[in-house]
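The values are calculated or read from the model by the stated rules, or taken from the named source; none is laboratory data. Fair warning: this is a prediction, and the values are worked out from it, not measured in the lab. A quick note on method: Cβ atoms are made from the backbone with ideal geometry, for glycine too, and the neighbour counts reach across all protein chains shown. All accessible areas refer to the heavy atoms of the entire protein, side chains included, with ligands and DNA or RNA removed. Shrake-Rupley method; radii C 1.70, N 1.55, O 1.52, S 1.80 Å.
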Amino acid sequence: MFPSFSPRVLSAGTVAVFCGGLSCLMLDTVVPVFRIHNGAGSGLGVLLLLFSVVLMDVIRLDPSPHHTWASLLKQYIWLKKGYIRACLTPSYRPILRDAMHHQRTVLKSILKKGSGTAYGRDNAFDSVTCLEEFRCQQGLTSHENYDMYIQRMIHGEPDVMFPGQPDYFTLTSGTSSGKSKLYPRQMACNLQMFTIYNIHTRRELLNIPNVGKLKFWLDVRTPPSVTKSPSGVRQGPASGAGSFVCRFRPSPDAAYEIRQEHASLYVHALFGLTCKDVTLLSTLTAPTALNFFRLIETQWEAMCGDIERGSISECRGLGEDLRHKLQKHLTADARRAGELRRIFKEGFHNIGPRVWPCLSVLHTASSGAYIPAANILRRKYIIDVPITSSRHVASEGLYGINMDIRDQTKTEYTILPEQVFYEFIHELDVDQVNPQSLLAHEVVPGQSYEMVITNWSGLYRYRTGDIIRVTSFTGQAPNYVLQQRRGDGYDKYPEFMFTEAVLKASRAWTSGTMLNYMAAGNIIVEELTGELSTTAHVYVFIELIGDGALTDREKDTIDASLQDTQDRYKRFRSSGNYAPAAVIQVKPGTFEEVKQIHMKLNPDLYAQQFKYPKFIKHKDVVACLLSHRVRSPS
């Protein structure tokens, strides 16, 4: 794949350069007759000595033999620039200590900037003099409040929700509603504002063992479809607006042109496996990482054959033009292919660090709806490798940042008090028409809230729909974990508590490992089957990894777990108001069909942004699940 690069050659070169520099200095100083005119010998000696110091530093960073001299130099310069920027950028912890001052300041600045916009004039922002007036005058908002303004921006009108015009329209996944929503953004402006947080994230990553060495990062990414609005502005998922492109990755540039997910994962896995020295694996979400490892598990023989021959076999979704472009970067390596075959034949338990001994972290979104996929990764594929998420981000903007991504006991985010103005609605009040909100310093650890934001992108007191649980404070700034989306629940049971109960039950199963679950109320199922019941209950659809079949006793553990974890559910079961949960196992591959149904329902949906809705409301999805049921053994 890459021309051979030998650290031994580098070590020998370092010794030679150091000796050469020392000789120049000695000759210039001790033997005057050899002095070069105007002290050039001394200057050359100093230069050679400095160069030898750099080479020694390169050796200290344990360069991969897969590097070329050019790629080695690029990565070394990138690393040093990153460390220098990190040293020169001030910490934002002092901002967190005085969060309320910064909250009032940022709100004042946002309102001043927005007062000259169409939305600002319609809502009389120029008359607002303080935080309290703003909360009284401006009601809570949702996407519907901005729809007509967004339509004006789509057709090119400037100064509508923020000064100037957008440079990108972000599309939501639309998993819950079935339709994507558009949000105008000024991405260039946002990148400048959040520079301090981006530098912090990079500094935290580089402090993870091995990640800051001169090895490779495996960046697994499928490019989304990006179109243009009527006024010519790009629109697509937030990930399509532009993101960090790693220069030291095994995958060639052509790999990031593949838009079909299966082909993209195959190619990234293929080139990733050719390089043993991978320290960081990056995916957009934990389900993408899980699909990545499952694809390796099912296609490893074809991949080993490709590596041995140095040619890419026929791959579903990969066009011939791209295949030929990619093959130019694939060199036959029978030794690596043989090594991989021996590893794969031993099984896939903890396979990540076995094929990449230096792998130190999986960087991906792993909270909320992605928890089941992250749990499978931890239990099977990367047991010894931490999973970390650096930020809480959505189509509307950046909400929070993980201040300590190296702490794998939790994935907590912290608010950004000098960039976004926050309010919080207690979880008990989220269904009210006009609920009361709390300021950032007024929330209570252990309590759950819906996050409300006012930001530079023209959203004012906007209900994000994200339910978070406050865990602690850093100064006056709350730290929190992401739980679920507002409205995700069965009856009055929140999705995150339902998920907790299902995961608890699944840990005791011996028939197989749960891939994921979806649930539905009995009414929607009975409309399809015609089998009516007199008591309300929930259907839980389970897909396992592999061909195992759940026993009836294992299925019963879900209802027992729901009763153990939720007192209200237990009371309803005891009183006879609820019947036991009906658990239906579906065939392997069923959830992928569900995903394809959602993709057809919403053409704007980006595959790697897809989240399985835990509580199903669409009949086509329920019908698909029912048609793929597995009969359990007695």
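I'm trying to understand the selection: among the residues of segment 352-391, which are assigned to a strand (DSSP E or B) and open to solvent by 10 Å² or more (accessible area, probe 1.4 Å)? Reasoning before the result, please.
Step one: filter segment 352-391 for residues assigned to a strand (DSSP E or B), giving 361-365, 387-388, 391.
Residues satisfying the conditions are H363, A365, R391.
Scanning for something within 30 Å of Y197 (Cβ to Cβ), at pLDDT 90 or above and among the small types (G, A, S), does segment 341-353 turn up at least one residue?
Applying the first criterion (within 30 Å of Y197 (Cβ to Cβ)) to segment 341-353 yields 352-353.
Narrowing the set further to residues that are at pLDDT 90 or above leaves 352-353.
In the following step, the residues that additionally are among the small types (G, A, S) were identified as 352.
Among the residues of segment 341-353, at least one is within 30 Å of Y197 (Cβ to Cβ), at pLDDT 90 or above and among the small types (G, A, S), which makes the answer yes.
Report, by residue number, each residue of segment 342-368 that is of a type outside the set (F, W, Y), closer than 18 Å to M303 by Cβ and out of contact with any Leu (no Cβ under 7 Å at 6 or more places or on another chain).
Hits for segment 342-368 are R342, I343, K345, E346, G347, I351, R354.
Looking for whichever is among the hydroxyl-bearing types (S, T, Y), surrounded by fewer than 21 Cβ atoms within 10 Å (Cβ to Cβ) and touching a strand residue (DSSP E or B) at 6+ places or on another chain (Cβ under 9 Å) here; the options are S311, S282. Which one fits?
Numbers: S311 fails: touching a strand residue (DSSP E or B) at 6+ places or on another chain (Cβ under 9 Å).
One residue alone meets the criteria, S282.
For every residue, the table says whether it meets (1) loosely packed, with under 15 Cβ neighbours inside 10 Å; (2) in contact with a helix residue (DSSP H, G or I) (Cβ under 9 Å, 6 or more places away or on another chain); (3) closer than 15 Å to I616 by Cα.
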| position | (1), (2), (3) |
| --- | --- |
| V502 | no, yes, no |
| Y517 | no, yes, yes |
| E526 | yes, no, yes |
| F541 | no, yes, yes |
| T557 | no, yes, no |
| S561 | no, yes, no |
| R573 | no, yes, no |
| G576 | yes, no, no |
| V583 | no, yes, yes |
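So which of G305, G232 ends up being small (G, A, S) and part of a loop (DSSP other than H, G, I, E, B)? It would help to see each step written out before you state the result.
Numbers: G305 fails: part of a loop (DSSP other than H, G, I, E, B).
Going through G305, G232 in turn, just one is small (G, A, S) and part of a loop (DSSP other than H, G, I, E, B): G232.
Considering segment 179-191 alone, what residues qualify as being at pLDDT below 80, open to solvent by 30 Å² or more (accessible area, probe 1.4 Å) and more than 29 Å from S71 (Cβ to Cβ)? Full working, then the answer.
Within segment 179-191, the first condition is being at pLDDT below 80, and the residues that meet it are 179-180, 187-191.
Narrowing further to those that are open to solvent by 30 Å² or more (accessible area, probe 1.4 Å): 179, 187-189, 191.
K179, C189 - these are the residues of segment 179-191 that are at pLDDT below 80, open to solvent by 30 Å² or more (accessible area, probe 1.4 Å) and more than 29 Å from S71 (Cβ to Cβ).
I'd like to know if segment 299-317 contains one or more residues that are in contact (Cβ under 8 Å) with a residue 60 or more places away in the chain and of a type in the set (S, T, Y).
No: zero hits.
Could you say whether any residue in segment 610-622 is modelled with pLDDT of 80 or more, more than 26 Å from P224 (Cα to Cα) and not hydrophobic (A, V, I, L, M, F, W, C)?
Among the residues of segment 610-622, at least one is modelled with pLDDT of 80 or more, more than 26 Å from P224 (Cα to Cα) and not hydrophobic (A, V, I, L, M, F, W, C), which makes the answer yes.
Does segment 350-361 contain any residue that is within 30 Å of M497 (Cβ to Cβ) and either touching a Lys or Arg at 6+ places or on another chain (Cβ under 7 Å) or in contact (Cβ under 8 Å) with a residue 12 or more places away in the chain (or both)?
Within segment 350-361, the subset within 30 Å of M497 (Cβ to Cβ) is 361.
Restricting the remaining residues to those that are either touching a Lys or Arg at 6+ places or on another chain (Cβ under 7 Å) or in contact (Cβ under 8 Å) with a residue 12 or more places away in the chain (or both) gives 361.
Yes, segment 350-361 contains a residue that is within 30 Å of M497 (Cβ to Cβ) and either touching a Lys or Arg at 6+ places or on another chain (Cβ under 7 Å) or in contact (Cβ under 8 Å) with a residue 12 or more places away in the chain (or both).
Out of segment 428-479, which residues are of a type in the set (D, E, K, R), open to solvent by 50 Å² or more (accessible area, probe 1.4 Å) and in contact with a His (Cβ under 9 Å, 6 or more places away or on another chain)? Explain how you work it out, then say what you get.
Step one: filter segment 428-479 for residues of a type in the set (D, E, K, R), giving 429, 431, 442, 450, 461, 463, 466, 469.
Still in the running and open to solvent by 50 Å² or more (accessible area, probe 1.4 Å): 431, 442, 469.
None; the set is empty.
Exactly one of these conditions fails for I84: (1) assigned to a helix (DSSP H, G or I); (2) modelled with pLDDT under 90; (3) out of contact with any helix residue (DSSP H, G or I) (no Cβ under 7 Å at 6 or more places or on another chain); (4) open to solvent by less than 70 Å² (accessible area, probe 1.4 Å). Give me its number.
Evaluating I84 over (1) assigned to a helix (DSSP H, G or I); (2) modelled with pLDDT under 90; (3) out of contact with any helix residue (DSSP H, G or I) (no Cβ under 7 Å at 6 or more places or on another chain); (4) open to solvent by less than 70 Å² (accessible area, probe 1.4 Å) leaves (4) as the failure.
Residues to consider are G546, G521; find the one that is surrounded by fewer than 22 Cβ atoms within 10 Å (Cβ to Cβ), of a type in the set (G, A, S) and over 29 Å from the mean Cα position of the chain (by Cα).
Working: G546 fails: over 29 Å from the mean Cα position of the chain (by Cα).
After applying the criteria, what remains is G521.
Give me the strands (runs of 3 or more DSSP E) completely within segment 397-501, filtered to those with at least 3 residues that are at pLDDT 90 or above, ordered by residue number.
Details: elements: 397-401, 413-415, 421-426, 448-454, 462-474, 477-485.
In segment 397-501, 413-415, 421-426, 448-454, 462-474, 477-485 are the strands (runs of 3 or more DSSP E) which contain 3 or more residues that are at pLDDT 90 or above.
Of all residues being modelled with pLDDT of 90 or more and under 15 Å from the mean Cα position of the chain (by Cα) in segment 210-255, which is nearest to A289 (Cα to Cα)? Just the residue, please.
Step by step, filter segment 210-255, then rank; the result is V220.
What number of residues in segment 246-268 are in contact (Cβ under 8 Å) with a residue 40 or more places away in the chain and either in a loop (DSSP other than H, G, I, E, B) or closer than 22 Å to K215 by Cα (or both)? Reasoning before the result, please.
First, the residues of segment 246-268 that are in contact (Cβ under 8 Å) with a residue 40 or more places away in the chain: 247-248, 250, 252, 254-255, 257-258, 260-268.
Next, from what is left, pick out any that are either in a loop (DSSP other than H, G, I, E, B) or closer than 22 Å to K215 by Cα (or both): 247-248, 250, 252, 254-255, 258, 260, 265-268.
So the answer is 12.
So how many residues does segment 187-229 have that are in contact (Cβ under 8 Å) with a residue 24 or more places away in the chain, assigned to a loop (DSSP other than H, G, I, E, B) and in contact with a strand residue (DSSP E or B) (Cβ under 7 Å, 6 or more places away or on another chain)?
11
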